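Inspection log for the structure reproduced underneath, given as structure tokens.
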């Protein structure tokens, strides 16, 4: 058992080192050719004004946002999978991200249409409300649909309905600022500011702290409600906390980056295979670090593969992570 724990710790440390390397690479890559030497000069305070501005005003906030939000999305997916007791569950697949996107879009269209600018906090509140509404619908369906596969299909349908309404609202908006929401509605880290990074960090770190606090009850819950109840776990309270924390994490992601597909469902599965465990105390940091790294890699591809044209982040994550989901479903039902 100790040997297994050492391997898990070592793997998390290796992933952390790889994440730092990916972050540094993300600062180098872009339409402006900076290179490793240019980055080193900027970090040492010897870079020119233009290069320094590109690194600290554009690329670093974007890299940090991808790390924070990508990690948050992965943890959200892991907690939803515990809640539903199924590895196919995730904020994007169940339509929770799409519900958050819809409410944020409606709020932004209404406020911008009346000359009012919505704050970062307001966007998160709107996304959280949308997440809870979608989660409520999914929970309502879960009481009537006993087959988990059918519940996932229902979640996908909810997502399509929310996305269709969002696209309709954004497409027919007259204000030029509202029309620009189209890129956000597809998923993108473009235009992330330091204020956005700071607000996102606060919401995510608080959510993660609560996730770690309930890691022991979550571990018991994985063995079934009856077992958890016998271990003294307040099932009703735990389920509410799982909903609130996972919804807050996915809402924060959607508020700033739009919906990002498959990270929340595929990454926890990959980590379960790598760590050879489902224990929350191990999986929470593993999911966050790996989710951050994978999301950042996909973002780098999105902004450099066809530069200066930028792809939506969801397009890239779908290409690389959808096969993982297909494999999961094949293994589960094959």
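Structural remarks
- Selection status of residue 7, within 29 Å of residue 213 (Cα to Cα) and at pLDDT below 90: yes
- Within region 1-35, considering residues that are part of a loop (DSSP other than H, G, I, E, B) and surrounded by fewer than 16 Cβ atoms within 10 Å (Cβ to Cβ), the one nearest to the chain's Cα centre (by Cα): 31
- Against the list (1) assigned to a loop (DSSP other than H, G, I, E, B); (2) buried (at least 22 other Cβ atoms within 10 Å of the Cβ), the condition residue 266 fails is (1).
- Residues that are farther than 21 Å from residue 277 by Cβ and in contact with a helix residue (DSSP H, G or I) (Cβ under 8 Å, 6 or more places away or on another chain) were ranked within region 207-224; the one that is surrounded by the fewest Cβ atoms within 10 Å (Cβ to Cβ) is 210.
- Sole residue being outside any helix (DSSP H, G or I) and touching a helix residue (DSSP H, G or I) at 6+ places or on another chain (Cβ under 9 Å), chosen from 38, 45, 70, 77: 45
- Region 48-60, residues that are at pLDDT 85 or above and either under 19 Å from residue 301 (Cβ atoms) or not in a helix (DSSP H, G or I) (or both): 58, 59, 60
- Close pairs (6 angstrom Cβ cut-off, 6 or more residues apart or separate chains): over 19 Å from residue 252 (Cα atoms) in region 83-112, at pLDDT 85 or above and surrounded by 20 or more Cβ atoms within 10 Å (Cβ to Cβ) anywhere: 83/242; 87/81; 87/269
The values are calculated or read from the model by the stated rules, or taken from the named source; none is laboratory data. Model, not experiment: these values are computed from the prediction. Ideal geometry is used to build each Cβ from the backbone, glycine not excepted, and the neighbour counts take in all protein chains shown.
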